[in-house]
Amino acid sequence: MSHGEHAHTLDDPQGPPHIHHMDPPTAYHAAKFGMWLFLATELLLFGVMFAAFAVFRWKYFHEFHEASSHLNWKLGALNTAVLLISSYYAAIAVDHAQHGRNKQVLKSLLITIGCAVGFLIIKTIEYSEKYHHGYFIGGENFHEFKTFLPLYFCMTGIHALHVIIGMGLLGWVATLAAKNRFSSRYYTPVEVGALYWHLVDLIWIYLFPLLYLVG
Amino acid sequence: MFRYLPEQASDFAHSVDSINNLITDISVFFTVLIVGAMIYFGIRYRRRGGVDHATPRIEGSHFLEVIWTVVPTIICIVVAVYGVYGFRVMREVPAGAIEINVTGRQWAWNFTYPSGKKTVDEFVVPVGKPIKLVITSEDVLHSFFVPAMRTKVDAVPGQYTYQWFRPIKTGDFQVFCTEYCGTKHSAMLAKLRVVSEAEFARWEADKGRALSPAEQGEALVKLNACGSCHSVDGSAVVGPTFLKLYGRKGEFSDGQQYTADENYIKESILNPQAHVVKGYPNPSPMPAFEGKLSDEDITNIIQYIKSLSEAPKVVVAKKQEDLTTMAPADRGKKYYQEKLCIGCHSLDGSRVVGPSFKGLYGKAGKFTDGGSYVADDAYITESILKPNAHVVEGYPAPSPMPAYEGQLSEEQVKDIIEFMKTLK
Amino acid sequence: MGHSSGSDIHGELGHVLPLKTYKTVLGALLILTIITVAVSRVDFGTMNLVVAMVVASIKAVLVALFFMHLKYESPITWLYAGIPVFLLGLLIGGVFIDDPLRVDPKNATVSVAEVGTSKASARDHAGDHHGANHH
Amino acid sequence: MSASSTTAIAGSETNYLNCERGIWSWLTTVDHKRIALMYLYTLTLFFFVGGIAALAVRTELAFPGGQIMSADTYNRWFTAHGVIMIFLFIVPGIPAVMGNFLLPLMIGAYDVAFPKLNLLSLYVYWLGAAMALVSLGIHPVDTGWTFYGPYSIKTGSAVVWMTGAAFVLGFSSILTGLNFIVTIHKLRCPGMTWWRLPVFVWALYATSAIQVLATPVVGMTLMLLIFERAFGVGVFNPALGGDPVLFEHFFWFYSHPVVYIMVLPAFGVIGEIIPVFSRKPLFGYRAVVVSSMGIALVGFVVWAHHMLVSGISDFSAQFFSIVTFLVAIPTAVKVFNWVSTMYKGSITFSTPMLYAMAFVFLFMIAGTTGIYLATLAVDVFYHDTYFVVAHFHYTIQGGAVIGLIAALHYWFPKMFGKMYNDLIARAAWFLIILGFNLTFLPQFVLGMQGMPRRYYDYLPQFADLHLASTIGAYINAFGYSLALLNLFWAMAVSKKKAPSNPYDALGLEWRTQSPPIKDNFETIPTVDDTPYAYGTPVASH
C-alpha cells in the first residue's frame, strides 16, 4: 500500500483511479460496503413512514381501506412493472461492466433511466388525477381518509425524489461509460449506482401493495 | 441521606418514597465504593519521585467480570420490579373514585365535576376518597403534576389520559404543568385543596349566589383563558389590556378611527380579524369566538370590561355580616356551617357519624356508662365542649368528635342550642 | 474479501452471474406482481395483507440476493442489510405495544372492592360526558 | 506493542499543518486531520454560543420572577442552548473531532476510507449550522430541542429552518459514521485484529453504527414535521387525525440512542487514558469492548422511557422501564473495569488523568440517578423535573464534554506538536469540576422537591438552590474558558515543543511524529500485540 504503487493507473484509462490510501480491490469493496450502509439508512428513512402507515392503518382501518380503493391500482401495477424492468437493466449494466463492455453499459443504463422517466410520467398522471378530485396536498379532500392521503403523498413523493436522485446518479455513471471508463478491473460506479437504484425498486415493491392493494 | 421529596399527601406516596430512598441508599453505597476505590488506588499506587515503578500486566479477571455483571443485574431486577409494582397501584383506580375531568389549555387548567360544577386553576377534593382525574388538552401537550400526591401524566390533545390518588391529609397542594407548552408554561399552576368530606359536599353543592353580569363575564374570561393574551392590570401581553379598555379611542390598521364601545368589543370577540388595531399583530392571532359564545355571554364580558374601566372602587375585602343584628338561631346556624358540624351531624334526621340535630333537643337516652340523660342545655353544652365526657350508647367511644372547648364561647354554644331548638 | 465460494464465474472484483439468472429473476418478479394483484382482487380479510406482504418480501429478497448480489457478499454486508429490517420491526413493535394497548380512562377502574360511600358511587357514572376515545 | 515498520521521524519539519498553506488548502483538503481541526474550531465556536445561551438561562433563573428577559425570550434561549449544544456541538463532538483525527492513526491507515466524503460531511455540517443560524436570526425557535407537536406545529417561530438544520446535520452525522465503519472494516493495518483495536476505535465503531442506523429515523420524523407545517399533512396533529405521541416515539427512537453517540466515544477516551497513566493494561479489555457494543444495541430498545408519563399504554411503560435497566449493566461493567485498571498501577495525576478520574465520579452520579428515572413509580414523580435536567447534564456534560476535554488535553501534543501549560490546565480542571457540581447538584434537590423543568419563573421556595446553581454555572463557564484559552495559547503562541510520544504510550498514533505527516505514516505499520501491553507480564495470567 505504499505511495507510488498505482502510478501506472494514471496511464490506464480503464483502470481504477489513483487512490493513494487503498489498493484497488479494497477501494472497490469499501465503496460497495459504504453504499450498503447508506442503503441501510435509506431503508430506515422510509421505515418511519412505514411505521406511521402501520399504526394509522390500524387506527383508521376503514378509512384506509376505502381510500386505497380510490387509488388507480392499474397505474400502480404498471409502474411496478416499469421499475422492475429498470432494475433488471441496472443489474444487466453491472454485468456488462464486469465484462468491460462500455457501450452495452451505456445502453442498459439509458434503458433504466428511460424506465425511470416513464415511472415519473405515470406518477404525474396519478397525481393530477388526485389533484382533480381535491385529494392533493392542500386540496379540500386531502384529509377525507384521515392520514391516508398525506402518508400516500409523503411516501410516494419522497420515493419519487429518490427516483430523480437515482436518475442523476445513473446519468453520471452513463457519461463515464460513454467515455469508456470501465473495465473488468474497474466498474465500481456502475455497481454502486445500480445498488442505489435497486433500493428505489425495493421500496416500491412494498409501497405498491401497501398503498394500492390492501390499504 | 438525601431525603428531599415533598410531604406525602396520597396513600401511595409513601411507597414511592420508599422505592426512591432504596435507590438513594444503593446509589450512595456504590458511588462511595467506586469513587473511594478510585481515590484509594490513586493515592496508594501513585507514582513517586517522577519515576514509574514496576507494574504487573494484569489483563482482567473472569471472576470479577462475572461478579460485577451479576450483582448489578440482581439489583436492577429488584428495583425494576419494585418500580413496576409501585406503578401498577397508580394505574388501578379503585371503584367509586370521584371522577373529575381536567382540561389543559394555554395556560390554564379547567376542572369539571360530576355535578357539572366547573372551576379554573383550583380544584377541591375530599380527604380519604379516591380521586380520578380524566385529563385531556385543548391545544398543545401539557402535563398534570401534583408533587405531594406523586402523580403526573401528560394532557394530550385528541385523547384522554388519567391519574388517580387518595389524599390522606387536608390542606392546599401545588399543581404544576410539567410539559413545556409555551409562553406561560411556568405560570400554568393550579391549586389542589383537600378538605373534609363534609366540606367537600357543601362546596360541591354550593352553586354560589347569583352572579352579577360583570362577575359572570369575569368567569367567562377566566374559562376561555383570555388572560393569556389580555391582562386586567394594564400590563401589555399579546393583545390589549382590559383595564380601562372600554371607551378608549384609537385607530385601526386601515386608518379608520374607532371607539371601544359595545359593538367594537363584540366584533373584536366574535371576529377578531374584521378590524385590527394599529400596532397589534395583523392578522390577529386571536381565535374567532363566533359560535362559541352566546350574545348573553358577550354582554356579560362587556359588563366585566366596563367594570374594569370605572373609577377604581375601594375594594371591600369581604362583606362583614353584622352578627349582632342576627337572630341567635341564625348565628347558631352560621357556626354550625363554619365549624363543619355538617360532616357528622345531619339536619334532616338521618344518622351520619353523630346524631342528627333534627329533634335532638329534649331527647332522652342512655350513656355508654349506663347513666341516662336528657338533651337539655347543659348536656348539649358539655357534648360540644367535652365530647368525651359522656358518650351516648350506640355511638363510637371514645367519640371521634373534636373538643370545642376554647374554640367556641359559651355565647356561641348558646346560639347553636337556639339553632337546634328550631329543628323540631 | 467479497469473493464468495459461490459456484459461478468470478470476476476480478465482484461476482459475475450468468445472464440467465437475471432473466429468471425478472420473470419471477413480474409473475409475483401479477399474483399479488390477482389475490388483492378477492377479499380474504386480513389474509390479503399477509399475502401482499409475504409476496412483497419474496420479491425484495430476490432483488437483494441476485440483482444486488447480496448472496455473494460478506457476512458483514448481510448484517448491515438485516439490521435495518430488525430495527424497523422494533420501531413498529414499540409503537404497537403502545397505541393499541392504550386504555380509555373510562375503563381504567378496576373492580377491586373498595369502600366508597353511597354518595360517591352514585355519582360515579355521572361524569360520563366527555367524548369517545380517539378511534 | 512492538511495531515492525513504524516510522517516527523525530524533528521532521513538514507535517500536516505546514505542508500546504493558505485558507484554500484547508477548505479543499481531504486530510482527515485537517478536517478534524476544522470541526474542532467550528465546534468550539458553537460550544461558546451554546454556553452563552446557558448563562442567559441561568442568569434569568438566579432569582424568582423575571430578571433580564421576558418569558418568550427565555423560551428561545433555552431552546437555542439545547439545539446548539446537542445538534451542533456534542453529537458531532468527539467523533467528528477526535475520531476524525485519531481513527486512521490508531488503526494504521493513511486516511479514512472516503476522504472526499469526509470533507463533504464537514460542508454538510456547515450548511446545517448555517441553517440553524438563519433560524436563530429570523425568529428563534421556542419549542425546546425536542420539537414536540402540536406546539411545534402551531408556534410562530422558524421551526422549519431549525428542523431542516437538524435534518441536514443528521446527514453529516450519517456520512461520518458510514465513513468510519468502512474505514474500520477495510483499512486496519496488518496485524491489527479486532481484539487489538484500541477501545476508542471500538467506541467509535459502536457510535458510528448508531449514527448510521438511528439518524435517518429522526431525519424523516423532522421532515414530516416540516411537511406538517408546510402542507398540513396531519400525521402528528391531533386536529387532523394525527398523533403527537407518535412523534415522541419516532423522535426518541433516535434521540435516546443519540445519548450513546455522545457518551460512548467519551467512554473510549477514558479507556485510553487510564491505562497509559496507570502503566497497566486496560482491565477486562474484552468486557469493555463488549459492553460498548451492548450499550449501542440496548440503546435501540429503550427509547420510550422518555415517554413513561406521556400517555403511552401501561404495558409499554412497564416494558420500557424494565428494559432500560439493561443499560445499567454494561455501564457498570465499564466503571468497574476502569477503576480496576488503576489497581497496582504507577499512577500519574496528569491533567488528562484528572479529567478521567473526574469523569468516573461524575458518571457514577449520572448513572445512579438514571436508575431513579428508569424506575417506573419513581419516574412518574421525576419526569420533566429538574432531576432530569441534572441527570442528563451529568451524562452529557459530565460524560461527553469532560470526555472531549480530556481527549483534547491527552492528544493535544499529538495534534499540534506543542505542550500546554499544565498548571493552568489543572486550575481550569478544578474550576470546571467545582462549577459543574455546584450547578447541577442543587438541581437534583430541586427536582426532588418537585421543581418542573423549562420554567421561566418559580415558586419562592426554590430560590436558594437556583441561585447556587447560577453561581456554579458562572464558575463552570469560567473554567471552560480558562481551559480552552490555555489550549489555544499553547497552539497559537507557545513555542514549547512536545515530543512524539510524551506519555510513553503504546498506541499506533504515538508511533508517528507530532504533529503527524500529511499521510500519517511513511509506510503502513504492522502490529503484533494489543495497544495496552503495559507492565511486566505475570506468571499467573
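Quick notes on this one:
- Inter-residue pairs, beta-carbon under 6 Å, first without any contact (Cβ under 8 Å) to a residue 12 or more places away in the chain and in region B:1-30, second exposed (fewer than 13 other Cβ atoms within 10 Å of the Cβ) and in a loop (DSSP other than H, G, I, E, B), 6+ apart: none
- The single residue among B:ASP25, B:ASP52 that is of a type in the set (Asp, Glu) and surrounded by 15 or more Cβ atoms within 10 Å (Cβ to Cβ) turns out to be B:ASP52.
- Some residue of region D:358-373 being surrounded by 24 or more Cβ atoms within 10 Å (Cβ to Cβ), more than 22 Å from the chain's Cα centre (by Cα) and either facing chain B (nearest Cβ under 10 Å) or touching a residue at least 12 places away in the same chain (Cβ under 8 Å) (or both): yes
- Of the set (1) part of a helix (DSSP H, G or I); (2) within 14 Å of chain D (Cβ to nearest Cβ), all apply to A:GLU144 but (1).
- Residue check for B:VAL89: more than 7 Å from every other protein chain (Cβ to nearest Cβ), at pLDDT below 95 and closer than 21 Å to D:ALA317 by Cβ: yes
- Filter result for D:ILE295 (surrounded by 23 or more Cβ atoms within 10 Å (Cβ to Cβ) and within 10 Å of chain C (Cβ to nearest Cβ)): no
- Flag for B:LEU22 being under 27 Å from D:LEU441 (Cβ atoms), of a type outside the set (Phe, Trp, Tyr) and more than 14 Å from chain C (Cβ to nearest Cβ): yes
- Filtered residues of region B:181-208 (kept if among the hydroxyl-bearing types (Ser, Thr, Tyr), in contact (Cβ under 8 Å) with a residue 12 or more places away in the chain and within 22 Å of D:TYR386 (Cα to Cα)): B:THR183
- Check on B:ASP233, part of a strand (DSSP E or B) and under 30 Å from D:GLY66 (Cα atoms): no
- D:THR523 satisfies every condition listed in (1) touching a Leu at 6+ places or on another chain (Cβ under 7 Å); (2) within 14 Å of another protein chain (Cβ to nearest Cβ) except (1).
- Within region D:230-254, the set of residues being assigned to a loop (DSSP other than H, G, I, E, B) and closer than 27 Å to D:SER173 by Cα comprises D:VAL235, D:PHE236.
- Test: residue in region D:155-169 that is hydroxyl-bearing (Ser, Thr, Tyr) and outside any helix (DSSP H, G or I): yes
- Cross-chain or 6+ apart pairs with Cβ under 8 Å, region C:86-101 first and within 7 Å of chain D (Cβ to nearest Cβ), then assigned to a helix (DSSP H, G or I) and polar (S, T, N, Q): C:GLY94/D:SER316; C:ILE97/D:SER316; C:ASP98/D:SER316; C:LEU101/D:SER316
- When each of A:SER128, A:SER87 is tested for being surrounded by fewer than 18 Cβ atoms within 10 Å (Cβ to Cβ) and in contact with a Phe, Trp or Tyr (Cβ under 9 Å, 6 or more places away or on another chain), the lone residue that passes is A:SER128.
- Evaluation of D:TRP489 against (1) surrounded by fewer than 19 Cβ atoms within 10 Å (Cβ to Cβ); (2) assigned to a loop (DSSP other than H, G, I, E, B) (one fails), failing number: (2)
- Check on A:PRO189, of a type outside the set (Asp, Glu), under 16 Å from D:GLY234 (Cα atoms) and assigned to a helix (DSSP H, G or I): no
- Search result, residues across region D:299-352 that are away from chain C (no Cβ under 14 Å), small (Gly, Ala, Ser), under 24 Å from the mean Cα position of the chain (by Cα) and not in a helix (DSSP H, G or I): D:SER350
- Residue that is surrounded by the most Cβ atoms within 10 Å (Cβ to Cβ) [pool: residues in region B:102-118 that are within 14 Å of chain C (Cβ to nearest Cβ) and either small (Gly, Ala, Ser) or over 18 Å from B:VAL156 (Cα atoms) (or both)]: B:GLY104
- Single residue of B:GLU411, B:GLU382 found to be exposed (fewer than 12 other Cβ atoms within 10 Å of the Cβ) and part of a helix (DSSP H, G or I): B:GLU411
- Being more than 9 Å from chain A (Cβ to nearest Cβ), polar (S, T, N, Q) and more than 21 Å from the chain's Cα centre (by Cα) holds for only one residue in C:THR24, C:THR46, and it is C:THR24.
- Among all positions in region B:200-213, there is no residue which is among the basic types (Lys, Arg) and within 14 Å of the chain's Cα centre (by Cα).
- Selection count where residues are among the hydrophobic types (A, V, I, L, M, F, W, C) and without any contact (Cβ under 8 Å) to a residue 40 or more places away in the chain, scope region D:315-335: 9
Matching residues to (1) modelled with pLDDT under 95; (2) acidic (Asp, Glu); (3) within 28 Å of D:TYR254 (Cβ to Cβ):
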site: A:ALA54; (1), (2), (3): yes, no, yes
site: A:ARG57; (1), (2), (3): yes, no, yes
site: A:TYR60; (1), (2), (3): yes, no, yes
site: A:GLU63; (1), (2), (3): yes, yes, no
site: A:SER69; (1), (2), (3): yes, no, no
site: A:ASN72; (1), (2), (3): yes, no, no
site: A:LEU75; (1), (2), (3): yes, no, no
site: A:SER86; (1), (2), (3): no, no, no
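- The lone exception for C:PHE67 - which of (1) within 8 Å of another protein chain (Cβ to nearest Cβ); (2) touching a Leu at 6+ places or on another chain (Cβ under 8 Å); (3) closer than 20 Å to A:VAL190 by Cα it fails: (2)
- Some residue of region D:270-280 being in contact with a Pro (Cβ under 9 Å, 6 or more places away or on another chain), at pLDDT below 95 and not in a helix (DSSP H, G or I): yes
- Residue in region B:3-12 that is under 30 Å from B:LYS129 (Cα atoms) and either at pLDDT 95 or above or small (Gly, Ala, Ser) (or both) present: yes
- Residue that is farthest from the other protein chains (Cβ to nearest Cβ), among those in region D:526-541 that are in contact (Cβ under 8 Å) with a residue 60 or more places away in the chain and out of contact with any Cys (no Cβ under 9 Å at 6 or more places or on another chain): D:ASP528
The values are calculated or read from the model by the stated rules, or taken from the named source; none is laboratory data. Being a predicted model, the structure only gives us computed values, none of them experimental. Every residue, glycine as well, gets a Cβ built from its backbone with ideal geometry; the counts of neighbours run over all protein chains shown.
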